[in-house]
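Written out below as structure tokens is the structure these notes cover.
The values are calculated or read from the model by the stated rules, or taken from the named source; none is laboratory data. All of these numbers come straight from a predicted model, not from anything done at the bench. Positions of Cβ are generated from backbone atoms using ideal geometry, with glycine treated the same way; all protein chains shown enter the neighbour counts.
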Amino acid sequence: MATLRDPRVRPLLTSCLTLAMAIGVYAISFGVASVAVGASVAQTCALSLLVFTGASQFSAVAVVAAGGSAASAMSGALLLAARNTVFGLTMSRRLTGRLPKRLLAAQLVIDESTAMSTAQDEPQLQRLAFWITGGAIYIFWNLGTLIGALAGNAIDPRKFGLDAAIPAAFVAMLWPQLRTVRARLAAAIGATLCLITIPFLPIGMPILIASFGVLVGIPEPKPNEGRS
């Protein structure tokens, strides 16, 4: 079993914790944005504790902020969270154990924990990277949410322009993903569908329609992909 004395573990631990702290800072913006659109501190924190996927949380808050219904907000959030199903299939080959352990692992399956795990060469390090990354991000994400919610509840959001936090956060999440032609094409299709349907559909529905652009961005499987 790998220990802290293992020269491979220390750099991994540093990378995981650094990533978690950065995401915790980012979570502050979600906490601020959520209370700015009318959610209570308790509701905001519950959303991070139970949902624990930033894109879906920001999507739900954005739809509500625009006047959309709870159903529209939930539908868009669920679509964005659907990508975690693919991550779960990937991690199911690396994470084993009884049902309680697997249920806990399912809550921690996010982009970052999956990426850190799959970047490792050895199964033991893959499992270690997953648990450290997922656990650390869960803690820092919820701490950041609480800090942001308390801060946002103490100031006037209109005075400080906090309504801009939601679209700014979406741009920050989207920008790093536009490195490939397929990703840029998917974004262009999604944006076009959204702009076309905005005048005709209820608030929240254009986001659902735009999500079909994601299908273009799904990478083609490699010949050896899927093998352990």
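Structure summary
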quantity: Conditions (1) closer than 14 Å to L146 by Cα; (2) touching a residue at least 24 places away in the same chain (Cβ under 8 Å): number failed by A46; calculated: (2)
quantity: Neighbours by Cβ (under 7 Å, 6+ apart or cross-chain): first from the stretch 94-105, among the hydrophobic types (A, V, I, L, M, F, W, C); second at pLDDT 90 or above and part of a helix (DSSP H, G or I); calculated: L95/F130
quantity: Qualifying residue in the stretch 8-27 (condition: basic (K, R), touching a residue at least 12 places away in the same chain (Cβ under 8 Å) and either more than 16 Å from A154 (Cα to Cα) or out of contact with any Ser or Thr (no Cβ under 9 Å at 6 or more places or on another chain) (or both)); calculated: yes
quantity: Residues satisfying the stated conditions in the stretch 186-216, i.e. more than 19 Å from G68 (Cα to Cα), surrounded by fewer than 14 Cβ atoms within 10 Å (Cβ to Cβ) and modelled with pLDDT of 65 or more; calculated: A188, T192, F212
quantity: Positions within the stretch 83-122 being among the charged types (D, E, K, R) and under 26 Å from T14 (Cβ atoms), in sequence order; calculated: R94, K101, D111, E112, D121, E122
quantity: Scan of the stretch 124-179 for residues that are loosely packed, with under 13 Cβ neighbours inside 10 Å, modelled with pLDDT of 65 or more and not in a helix (DSSP H, G or I), ordered by number; calculated: A154, R179
quantity: Unique residue being within 22 Å of A27 (Cβ to Cβ), at pLDDT 70 or above and among the acidic types (D, E) when the list is D121, D111; calculated: D111
